[in-house]
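Everything on this sheet refers to the single structure shown next.
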Number of protein chains: 2
Amino acid sequence: MRRDIFQAIADPTRRAIVTLLMTQALTPNTLAERFDTTRQAVSKHIKVLQECGLVAGEQLGREIYYKIVPMKLKEVADWLEPFRQMWEDNFNRIDDLLEQIKNKEL
Amino acid sequence: MRRDIFQAIADPTRRAIVTLLMTQALTPNTLAERFDTTRQAVSKHIKVLQECGLVAGEQLGREIYYKIVPMKLKEVADWLEPFRQMWEDNFNRIDDLLEQIKNKEL
DNA sequence: ATAATTTGCAACCGATCAGTTGCAAATATA
DNA sequence: TATATTTGCAACTGATCGGTTGCAAATTAT
């Protein structure tokens, strides 16, 4: 079973869960109330998020408060970083390279 | 059919393709040579990447050079940005909030 | 002790996904 | 013109995904 951070945040519901957990730790029941779905569906999403290390649960009596592990998202940011220079540059290198190929053909 | 940038970069092969396209525009055939898979499989990945706007093709004769559209990745970076403060902060707010809940219970 | 609450796990279902195979269209080469 | 190359599209397959239902375990409340 593939369980990496990229696959974890691919699902919009999971991203919404992560966003909710940004401000406070929540229980599965509380989370489920925010979405038009069952608690079990939310629980399965939590399991995915937990297995990839993006959230962590902390038991308090019979309730489990799930909190975000923000550092995990840094892996995505690190992967994006090399591309940042590309979208921040005014000129587009790929276009230039393509132009070079074109000119070579002529 | 879901076709957003998050789902596009969820697949490791597609991320590898995007990384290869970072330095130069490539044709489907050239790309396929780099992976242990068929050209058609790569073509399907390209289609997904193209449909979500992460790559764009430019025809040169019978060949099509696919190039990356880096700006599209900014959408992911923008989603990550609010979390950046969290992983850069030394203290963890969620832990604090959880402590508050705990103390309230006592 | 009994009942209610909160949660995780397993089984199942329909939809989607990644990959393969086969084929047709367009372009380049002989 | 005939052949080879490059590509996209459609059909198919096995695997995975998101969601639901049912149930058992642990904790809390009556």
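FYI, it's all coordinate maths here, none of it is from the lab. Predicted model only: the values in this text are computed from it and were never measured. Every residue, glycine among them, receives a Cβ derived from its backbone with ideal geometry; neighbour counts consider all protein chains shown.
Points to keep in mind about this one:
- Annotation: of all residues in the range A:39-61 being among the aliphatic types (A, V, I, L, M) and near DNA strand D (Cβ under 10 Å from one of its atoms), the one that is nearest to the other protein chains (Cβ to nearest Cβ) is A:Leu60.
- Residue match in the range A:9-25 (condition: in contact (Cβ under 8 Å) with a residue 60 or more places away in the chain and within 12 Å of DNA strand D (Cβ to nearest atom)): yes
- Subset of the range A:10-22 [within 13 Å of A:Val69 (Cα to Cα) and at the interface with chain B (Cβ under 9 Å from one of its Cβ atoms)]: A:Val18, A:Thr19, A:Leu21, A:Met22
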